1. Do any residues in segment 70-98 that are free of Cβ contacts under 8 Å to residues at least 40 places away in the same chain have Cβ atoms under 9 Å from those of residues that are away from ligand 2 (no atom under 16 Å from the Cβ) and polar (S, T, N, Q), where the two are at least six apart or on different chains, and which pairs are they?
2. Limited to segment 230-271, what total is found for residues that are of a type in the set (A, V, I, L, M), surrounded by 13 or more Cβ atoms within 10 Å (Cβ to Cβ) and more than 16 Å from ligand 1 (Cβ to nearest atom)?
3. Can you say whether Gly110 is over 13 Å from the mean Cα position of the chain (by Cα), surrounded by 24 or more Cβ atoms within 10 Å (Cβ to Cβ) and not aromatic (Phe, Trp, Tyr), as far as the supplied structure shows?
4. What number of residues within segment 29-44 are more than 11 Å from ligand 1 (Cβ to nearest atom) and either modelled with pLDDT under 95 or open to solvent by 60 Å² or more (accessible area, probe 1.4 Å) (or both)?
5. On the given criteria, is Arg139 within 25 Å of Ala260 (Cα to Cα) and within 16 Å of ligand 2 (Cβ to nearest atom)?
6. Which condition breaks for Pro217 when tested against (1) farther than 26 Å from Val32 by Cα; (2) out of contact with any strand residue (DSSP E or B) (no Cβ under 6 Å at 6 or more places or on another chain); (3) open to solvent by 60 Å² or more (accessible area, probe 1.4 Å); (4) assigned to a loop (DSSP other than H, G, I, E, B)?
7. Taking only segment 190-205 into account, find how many residues are in a loop (DSSP other than H, G, I, E, B) and open to solvent by 70 Å² or more (accessible area, probe 1.4 Å).
Amino acid sequence: MTPSGPSDSPAASVRTRPGHSDPSAPLRCAAVIPAAGRGVRLGPGAPKALRALGGTPMLVHAVRALARARAVSLVVVVGPPGEAAQVRTLLDDHLEHLADDSTEVVVVSGGDTRQDSVRLGLAALPEDVGVVLVHDAARPLVPVDTVEAVAAAVRAGAPAVVPALPVTDTVKQVEPGGEPGGPEPVVATPERAALRAVQTPQGFDRRVLTEAHEKVPAAGEGATDDAGMVERLGVEVVLVPGHEEAFKVTRPLDMVLAEAVLARRRATDAF
Ligand code: CTP
Ligand code: MG
């Protein structure tokens, strides 16, 4: 890891994109990790990304997963507002052992919604980045192969790529705005075979995602899905196979599952 403090200007990074002189060279790929959420649905405690999983903060797992991908040479962590220095220290403490990894890690502060946090992360990208992967800190166990597959599909020319899995539950559409916990009239039952549950990292041509964040207005609590914003520009979004272990830690039971996945990995690695 190459640490750089929150005060470092990422724009001042050395320009490594050979593409300025060699148009055939691959564009530099960066990951933006929104990690500024509180984790309300997980219950009281520290911000979700800073809670421990197998003794290590969830955010550290997520940064490692992205930094391990050969495609990724920069990770921008978007931490809880006002906690950038604490996040920087935490990452320096946990990532120093990956000495063979030359991935640069930058920390910036996030905003009130995920949409704001991603926009602030994008603003910290140096000019030479052409491909961006946006990855939830709340998906700490995403396998590196999933990350590589998304990055490869963008590099192969797709403007927006999303890992996704078939839906296992049948899904009902209801009238919005009912009483919480009260009976909800069903308005439709979409055919399950045509539905997919989307995950992260979602990969984009950097210009396309930046344009989406400039043009798509924030409504309500803001967009929870970057690809959805890109769709609204009329740009084609494609899905690639996701992975069960890229699930999002949202509620307490997800922590139990995440701990079990980690324990299984450790047991497998030991043999
Ligand atoms: N996120 C963010 N900035 C926000 C809100 C969310 O960076 N203002 C990030 C979270 O840290 C998380 C990802 O977006 O990595 C997905 O959001 P979610 O799972 O909803 O996490 P939280 O918002 O933290 O959880 P909750 O909605 O239960 O409070
Ligand atoms: Mg949230």
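1. Once the first residue is free of Cβ contacts under 8 Å to residues at least 40 places away in the same chain and sits in segment 70-98, its partners that are away from ligand 2 (no atom under 16 Å from the Cβ) and polar (S, T, N, Q) give Gly82/Ser109; Glu83/Ser109; His94/Thr56.
2. 9
3. yes
4. Going residue by residue through segment 29-44, those that are more than 11 Å from ligand 1 (Cβ to nearest atom) are 29-31, 44.
From the residues that got through so far, the ones that are either modelled with pLDDT under 95 or open to solvent by 60 Å² or more (accessible area, probe 1.4 Å) (or both) too are 44.
So the count comes out to 1.
5. So Arg139 passes the test.
6. (1)
7. Here the count works out to 1.
The values are calculated or read from the model by the stated rules, or taken from the named source; none is laboratory data. From a predicted model like this one, the values you see are computed outputs, not experimental measurements. Counting neighbours? That spans all protein chains shown, and the Cβs are built from the backbone with ideal geometry, glycine included. When the accessible area is computed, the model is the full protein with side chains, heavy atoms only, and any ligands, DNA or RNA have been set aside. Shrake-Rupley method; radii C 1.70, N 1.55, O 1.52, S 1.80 Å.
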